[in-house]
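Single-structure report; data block below.
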Amino acid sequence: MALMTGEQYIESIRKMNMEVYMFGEKIENPVDNPILRPSLNSVRMTYDLALDPQYKDLMTVVSPYTGEVVNRFTHIHQSTEDLKNKVKMQRLCGQKTAACFQRCVGMDAFNAVFSTSFDIDKAYGTHYHENFKTFLNYCATNDLVVDGAMTDPKGDRSKAPHAQEDPDMYLHVVERREDGIVVRGAKAHQTGATNSHEIIIMPTISMGPDDKDYAVSFAVPMDTKGIFMIVGRQSCDTRKLEGGTMDVGNSEFGGMEALIVFDDVFVPNDRIFMNGETEFAGGLVERFAGYHRQSYGGCKVGVGDVLIGAAAVAAEYNGVAKASAVKDKIIEMTHLNETLYCCGIACSSEGTQTESGNYMIDLLLANVCKQNVTRFPYEIARLAEDIAGGLMVTAPSEKDFRDEKIGKYVEKYLQGTSEVSTENRLRILRLIENLTLGTAAVGYRTESMHGAGSPQAQRIMISRQGNLGYKKKLAKAIAHIEE
């Protein structure tokens, strides 16, 4: 099958029978729901860009397994060049949507499960790797969106999965049958859930022998019986119901998150990639987290590009673009943003080949990348808010601006420089609000903190990967210390 167009993608999601709930109601038509549609449009952009000749080499690649051209989001990294192109692609998608485009978790899950299933087969003589390659080729050939699901609710985090008072706090196997398994539990914070064709499940932490039922990885269609989604709230989300475009800030694109519940879901044997091999759970988590922390050196940078541009436009509209203090703030925003990009490219350039054949990023540098992402976007957002001014959060609504009686006063008193319309000034301020405080902040500001693991998770990995013992030896050698 050829690459899908953006419209074909949307229609393919429309044909699915997903069970979605939001604001206490079942959503019968998620595709056309005004709150959810912007997130679908963001994913659509990954299809449109793949068919644009200008971006073909970045967005597509020839599959080493089928020989067909596939979307890079369904590709297994074959070189450090692939790893770098992934980051460049993610920056492009962020620039074009100014939002989360939701396919990164699936791509990162593909590459983490690929090598882990290989390692399990080598140790136990299982057939997980072949199962996974069959699934991978199915997704790549049909140009599908896959949600990567790792995060469990966790319950009491001081206790292991098997020790929880409620065993469903971690997704687990409740029945093993000749033809497959039955699972129960939930996955939280699931990006792009309503816009995905398939979902890959992975364990969320390292596990011991008593956690055998929780060490499970598999894939199923998103509309499988027993799966339902509860959409998460975002700041300013109901503005999308008001009909205008100005107050939303980014009216076309957005992101979405959901709690996905697995209520006794059956998984056939040929869709299972791990089933009780607890000693491999931690490695899978580490690999996925590494790939996903690399991703933030691309996607967050692309959205940062838009925010920096918006701040610069706001400065022009406010009449302060030539002020040295404003220039310096935009320079600082650019410096921080490009530093994040450097980290994404660096951990890709230092990648190495795994025994399974795909390429893994440098884990230390990937964790440094994400640690910086937990800080720099907050400063970029603060500087953007500083440049924008208080009107970003005190401006009247678009309905006031359009009102027959009071609109002329809004237009008169909220005018910036004389050559720029009040409407355009308000539009750029609302975009900055959207990126720093509104719905897009979920995919930029807050997700920069918690996406791909909390800041402490990266610090733990930096401690493990930092090779402190080697550095101590270097210091002792220089100081001529003999022990």
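The values are calculated or read from the model by the stated rules, or taken from the named source; none is laboratory data. Not measured: the values here are computed from a predicted model. Heads up, the Cβs are rebuilt from the backbone with ideal geometry, glycines too, and the neighbour counts pull from every protein chain shown. Heavy atoms of the whole protein, side chains included, go into the accessibility calculation; ligands, DNA and RNA do not. Shrake-Rupley method; radii C 1.70, N 1.55, O 1.52, S 1.80 Å.
Could you check the simple spin-label distance between S421 and L468, using points 7 Å along Cα→Cβ, in nm with one decimal?
Here the modelled spin labels are 6.0 nm apart.
Name the cysteines of the chain that stand alone by the Cβ rule: no other cysteine Cβ under 4.7 angstrom.
Here C93, C100, C104, C139, C236, C299, C342, C347 come out as lacking a disulfide-compatible partner, given the Cβ-Cβ threshold of under 4.7 Å.
If each residue of separation counts as 0.36 nm, what is the full-extension length gain between N137 and E482 once their alpha-carbon separation is subtracted?
Extending this stretch completely gives an extra 118.5 nm.
Could you state the number of Å between the C-alpha centres of segment 297-311 and segment 319-340?
Each part reduced to its Cα centre gives a spacing of 13 Å.
With Cβ to Cβ distances under 14 Å as the rule, what net charge do the other residues near N85 carry (K, R +1; D, E -1)? Walk me through the numbers before you get to the answer.
Numbers: positive: K56, R72, K84, K86, K88, R91; negative: D57, E81, D82.
Net charge in that neighbourhood comes out at +3.
Just add up the charged neighbours of V373: K/R +1, D/E -1, any other residue whose Cβ is under 12 Å from the Cβ of V373. Let's see the in-between values first.
On the way: positive: R293, K300, K370, R375, R445; negative: E379, E447.
Result for the neighbourhood of V373: +3.
Give the angle, between 0 and 90 degrees and rounded to the nearest 10, that separates the Cα long axis of helix 422-436 from the longest principal axis of the Cα atoms of the chain.
Computed tilt is about 20 degrees.
Quick check on the chain: helices-only [θ] at 222 nm, where DSSP H runs of length 4 and up contribute -39,500 (n - 2.57) each and the sum goes over total residues. Nearest 500, please.
That calculation yields -15000 deg cm²/dmol at 222 nm.
For segment 347-362 and segment 392-432, write down the distance between their C-alpha centroids in whole Å.
51 Å
What longest region of the chain stays clear of chymotrypsin sites (Phe, Trp or Tyr not before Pro) that DSSP places outside H, G, I, E and B and that have at most 16 other Cβ atoms within 10 Å? Walk me through the intermediate numbers first.
On the way: sites that count: F23, Y65.
Longest run free of exposed loop sites: 66-483.
Cα axis of helix 281-318 to longest principal axis of the chain: angle in degrees, 0 to 90, nearest 10?
Tilt of helix 281-318: around 10 degrees.
Of the GluC sites (Glu not before Pro) in segment 57-137, which ones lie in a loop per DSSP and count no more than 16 other C-beta atoms within 10 Å? Kindly include the intermediate steps, with their values, before the conclusion.
On the way: sites: E68, E81, E130; in loops: E68.
Answer in residue order: E68.
Gap in Å between the Cα centre of segment 72-101 and the Cα centre of segment 111-160?
Cα centroid of segment 111-160 versus Cα centroid of segment 72-101: 20 Å apart.
Rounded if a/c is under 1.5, else prolate if a/b beats b/c, else oblate: with a ≥ b ≥ c from the C-alpha gyration tensor eigenvalues square-rooted, which is segment 202-286?
Judged from the Cα gyration tensor, segment 202-286 comes out prolate (a/c at least 1.5, a/b above b/c).
So for the chain: antiparallel DSSP bridges make up what percent, rounded to the nearest 5?
Expressed as a percentage, antiparallel bridges in the chain total about 85.
For the chain, what is the accessible area per residue in Å², given a 1.4 Å probe and the full set of protein chains?
On a per-residue basis, the chain sits at 42 Å².
Segment 156-245: which trypsin sites (Lys or Arg not before Pro) are DSSP loop and have at most 15 other beta-carbon atoms within 10 angstrom?
Loop-located and lightly packed - R157, K159, K225, R233.
Using amide H atoms built 1.01 Å from N in the peptide plane, name the residues 5+ places from D152, or on other chains, whose amide H lies under 5 Å from its own.
Result for D152 returns A188.
Over its Cα atoms, what ratio of radius of gyration to 2.2 N^0.38 Å does segment 62-172 give?
So the Cα radius of gyration is 1.29 times the expected 2.2 N^0.38 Å.
Within segment 292-356, list the GluC sites (Glu not before Pro) lying in a DSSP loop whose Cβ has at most 16 other Cβ atoms in a 10 Å radius.
E350, E355
Taking Cα atoms, how many degrees apart are the long axis of helix 104-124 and the longest axis of the chain, rounded to 10 and kept between 0 and 90?
The angle comes out at about 10 degrees.
Work through the residues other than T5 whose Cβ is under 12 Å from its Cβ and net out their charges, Lys, Arg +1 and Asp, Glu -1.
-4
Starting from the Cα of R459, step 7 Å toward the Cβ, then list every residue of segment 420-447 with an amide N under 18 Å from that point.
Nothing falls inside the zone, counting backbone N under 18 Å.
Quick one: grab the alpha carbon gyration tensor of segment 222-368, order the square roots of its eigenvalues as a ≥ b ≥ c, and give me rounded if a/c is under 1.5, else prolate or oblate depending on whether a/b is larger than b/c.
In terms of gyration-tensor shape, oblate.
For the chain, which whole percent of the accessible surface, found with a 1.4 angstrom probe, sits on carbon and sulfur atoms?
51 percent
Set the Förster distance to 30 Å, then compute FRET efficiency between D328 and L391 from the Cβ-Cβ distance, nearest 0.05.
On the way: r = 22 Å, r/R0 = 0.73.
It comes out at approximately 0.85.
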